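A quick write-up on the structure given underneath.
The values are calculated or read from the model by the stated rules, or taken from the named source; none is laboratory data. All of these numbers come straight from a predicted model, not from anything done at the bench. Don't worry about glycine lacking a Cβ; one is built from the backbone with ideal geometry, like all the others, and counts go over all protein chains shown. Remember, those area values only see protein heavy atoms, side chains included, never the ligands or the DNA or RNA. Shrake-Rupley method; radii C 1.70, N 1.55, O 1.52, S 1.80 Å.
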Amino acid sequence: MPDSLEEGTIVGMTEQIDFLQLRDFAVSTAKRAAELITSRRAELVAGDGIAAHTQTKSSNVDPVTEVDTAAEDFIATTIRTARPGDGIFGEEGSNVDSTSGVTWIVDPIDGTVNFLYGVPDFAVSIGAEYQGRLVAGAVVNVARGRTYAAAAGQGATVTGPDEKPHLLRCGQTSDPALALVATGFGYGSQRRAAQAQLLTKLLLEVRDIRRIGAAALDLCRVAEGTVDAYFEHGINAWDFAAGAIIAREAGAVVHHPGFDKGSAQGELTWAAGADLAPAFEKLLAAHGATGALRG
Ligand code: LIP
């Protein structure tokens with residue numbers, strides 16, 4: 001997986017890759033995965049409960065359920081069947097090298113704790129990377145039935161239960177003191193302590209903070225203007241890949257650490273509307289937040 005930071009974007013299509021086709025494939029695959037997640041969750045709740053089908057990963061508060069694994073297996077099988085030369089980089093371990101130049105970056109359930117508790121903000125996130133750049137993506141908010149999608153140079157949309165795609169434009173705020181800012185926290189106590197310290201400083205300099213619990217949805221909220229900015233340390237490529245291209249296509253500035261850095265290195269991912277981005281980046285830098293927070 002290339003770890004290069006993206007230098008600008010390639011738009012529309014190249015001689016052999018149509019980014020709109022990648023977007024539409026991501027949308028159809030993510031929506032079908034969302035249906036699987038919804039039905040499997042209902043079965044577990046009706047049975048012996050989700051907790052009985054949950055394990056932990058990096059800490060005792062970092063859960064993974066068999067639904068995560070089943071959803072990623074479905075997505076990986078769908079990709080391998082429909083696009084056999086494409087690579088896969090999935091949170092739950094589906095890793096395939098690409099021969100086509102396209103790699104799918106997959107989080108089968110982003111917002112796993114929300115999924116566990118029934119908080120209606122968890123998402124299927126499928127991003128497409130081509131030659132080191134994000135070129136298409138889909139994020140499905142499973143519980144709310146909202147599908148966010150984008151292709152490089154083609155804009156970003158959200159489609160709700162009305163099945164009508166609405167163009168996304170991020171917020172126009174330019175002053176951090178008036179900005180509603182989303183963030184999130186890691187699963188390890190060392191990083192959480194540093195994040196809490198940073199939060200107490202930033203909270204005094206922005207309108208307010210929102211902690212939604214899923215980076216993919218945080219980035220989609222930047223895209224739709226329901227938050228003005230987002231920042232978080234230590235998320236992985238599968239958390240941000242699709243949301244980053246959606247936010248960028250909605251007019252946001254998006255910075256991420258590359259496709260193979262994340263929770264282990266604690267590096268910063270942030271996004272803000274274009275009018276807000278310069279002042280927001282200055283605010284983060286003023287509080288030493290542009291560096292990594294080890295966890
Ligand atoms: C989540 C991220 C979120 C972060 C959570 C968690 P997961 O991913 O999307 O931004 O704050 O701690 O890492 O674990 O639900 O896939």
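Residues that are small (G, A, S), within 15 Å of the chain's Cα centre (by Cα) and under 20 Å from L276 (Cβ atoms) number at least 2 in none of the strands (runs of 3 or more DSSP E) confined to region 152-252.
Among the residues of region 158-195, write down those that are open to solvent by 50 Å² or more (accessible area, probe 1.4 Å), within 16 Å of the ligand (Cβ to nearest atom) and of a type outside the set (D, E, K, R). Listed by number, the residues that qualify are F185, Y187, S189, Q190, A193.
The set of residues in region 229-268 being within 17 Å of V206 (Cβ to Cβ) and among the β-branched types (V, I, T) consists of V253 alone. Selection of region 82-124 for residues being within 13 Å of the ligand (Cβ to nearest atom), closer than 18 Å to S28 by Cα and among the small types (G, A, S) yields G90, A123. Checking each residue in region 269-284 for being farther than 12 Å from V227 by Cβ, surrounded by 21 or more Cβ atoms within 10 Å (Cβ to Cβ) and not hydrophobic (A, V, I, L, M, F, W, C) picks out only T269. If only residues of region 270-292 that are part of a helix (DSSP H, G or I) and in contact with a Ser or Thr (Cβ under 8 Å, 6 or more places away or on another chain) are counted, the one that is farthest from A216 (Cα to Cα) is A279.
Taking region 132-175 as the range and being among the basic types (K, R) and within 17 Å of L22 (Cβ to Cβ) as the test, only R133 passes. One residue stands out in region 212-230 among those that are in contact with a helix residue (DSSP H, G or I) (Cβ under 6 Å, 6 or more places away or on another chain) and farther than 22 Å from Y117 by Cα: the one that is nearest to the ligand (Cβ to nearest atom), namely Y230. When restricted to residues that are within 22 Å of Y117 (Cβ to Cβ) and either in contact with a Phe, Trp or Tyr (Cβ under 9 Å, 6 or more places away or on another chain) or open to solvent by 80 Å² or more (accessible area, probe 1.4 Å) (or both), region 200-211 contains 2.
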